[in-house]
1. Out of all the residues in the stretch 163-197, which are under 23 Å from G121 (Cα atoms), free of Cβ contacts under 8 Å to residues at least 40 places away in the same chain and not polar (S, T, N, Q)?
2. Considering each of D215, D196, D267, D227 in turn, give the residue that is crowded, with 20+ Cβ neighbours inside 10 Å and at negative phi.
3. Out of Y113, Y120, Y88, I need the residue that is outside the structural domain of G183 (by TED's automatic domain parsing), out of contact with any helix residue (DSSP H, G or I) (no Cβ under 7 Å at 6 or more places or on another chain) and aromatic (F, W, Y). Which one?
4. Of the conditions (1) in a helix (DSSP H, G or I); (2) of a type outside the set (A, V, I, L, M, F, W, C); (3) touching a Cys at 6+ places or on another chain (Cβ under 9 Å), Y211 satisfies every one except a single condition; which number is it?
5. Tell me the residue from G319, G255, G263 that is free of Cβ contacts under 8 Å to residues at least 24 places away in the same chain and either more than 21 Å from S129 (Cα to Cα) or under 19 Å from the mean Cα position of the chain (by Cα) (or both), please.
6. I'm checking my understanding of the structure. Among residues of the stretch 264-288 that are part of a loop (DSSP other than H, G, I, E, B) and in contact with a helix residue (DSSP H, G or I) (Cβ under 9 Å, 6 or more places away or on another chain), which one is modelled with the lowest pLDDT?
7. So in the stretch 151-182, with the set limited to residues that are in contact with a Phe, Trp or Tyr (Cβ under 9 Å, 6 or more places away or on another chain) and of a type in the set (A, V, I, L, M), which one is farthest from the ligand (Cβ to nearest atom)?
8. Take the residues of the stretch 138-183 that are in a strand (DSSP E or B) and β-branched (V, I, T): which is nearest to Y222 (Cα to Cα)?
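The values are calculated or read from the model by the stated rules, or taken from the named source; none is laboratory data. None of the values given here were measured: they were computed from a predicted structure. Note that each Cβ is placed from the backbone with ideal geometry, even for glycine, and that neighbours are counted across all protein chains shown.
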Amino acid sequence: MTRWLLTGGAGYIGAHVALDLLASGREVTILDDLTTGLRSRIPDGADFVEASVLDTDAVRRALDGVTGVIHLAAKKAVGESVEQPLLYYRENVGGMVSLLQAMADAATPCMVYSSSAAVYGEPPWSPISEDSPLTPLSPYGETKVIGEWMVRDEAVARADSTPLSWVTLRYFNVAGAGSPELGDTSANNLIPMVFDALDRGEAPQVFGSDYPTHDGSCVRDYIHVSDLAAAHVAAAALCESGGVAAVFNVGTGVGSSVLEVMGAVSDVVGRDVGAVAVDRRAGDPPELVASVDRISAELGWSAQRDLRDMVASASAARG
Ligand SMILES: NC(=O)c1ccc[n+]([C@@H]2O[C@H](COP(=O)([O-])OP(=O)(O)OC[C@H]3O[C@@H](n4cnc5c(N)ncnc54)[C@H](O)[C@@H]3O)[C@@H](O)[C@H]2O)c1
């Protein structure tokens, strides 16, 4: 049996990953500073260390007996990263320096890293393959690119002494909930934003209706958080086989427009949500859809759930 350390395991995605790792027969330690994470999300059967990844000594101690790290802990709000870039560099880049140092000291052999489609910025083509240029549009996306480079470079440096086997997962738009108590409590993503607007009795807004897409609204690749969690277990298993250096997109390969998301929400709540079109937001690319050929071929993973599953489970998680 192997043990995995999940940084940020009390967060929205981390809690789903923790449950799936436990179900796969692996042991789990969660290290989280609870800045946005919730103690209530830590599953029975997981050990918990309340600490920041910036605390290298605490991470080193938590790595005792650990085969691999799934590094989810990060700040993730694009707008906030534009306003406070140093916070994002300190937490996301500084956090990675601290973690990789502790992993080198402990000779930890495996790493799965939470990256993001934000590394692609506004890609010149769609669907986006992993070899597309990395041109992030925000400090958040920049910290994710730097994190990817750091993992790759550290694995090269450790190759002759304590080899590091690694997988980077570039998540597209994560949505839904595996169970009602594990919903996304942040309001950074479209589906929670739509439900928040409905709760306030307001019409949800569609930012931009003149994009060069099939209905004029932005198109994104929404991935159910339970499918994403399964991808982490597959990535952990691949890392455990040793000698891995891989980057995978994690999406469905299918784009949904903002208007289609509004339609799915209308179906789930049983009435037209009355979405209103407003001006475009700065920095929103028209279309971001993942090519999923590589993850399907090399990891044997593909998404099982569709947009309606995501909206219905997100709705159920709001009580
Ligand atoms: N949610 C998405 O749509 C999405 C998309 C792409 C990538 N990601 C990435 O996935 C990861 C998890 O995101 P999430 O949606 O679960 O966010 P989240 O905010 O719910 O989870 C992040 C967790 O990390 C913890 N954390 C933050 N800084 C920490 C630190 N310095 N030390 C220890 N713990 C710390 C928080 O308390 C929280 O539990 C992040 O790296 C994020 O950038 C998320």
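1. A187, M193
2. Result: D227 is the single residue among D215, D196, D267, D227 that is crowded, with 20+ Cβ neighbours inside 10 Å and at negative phi.
3. From the options Y113, Y120, Y88, the qualifying one is Y120.
4. (1)
5. G263
6. This residue is G283.
7. Ranking the candidates gives A155 first.
8. The qualifying residue nearest to Y222 (Cα to Cα) is V174.
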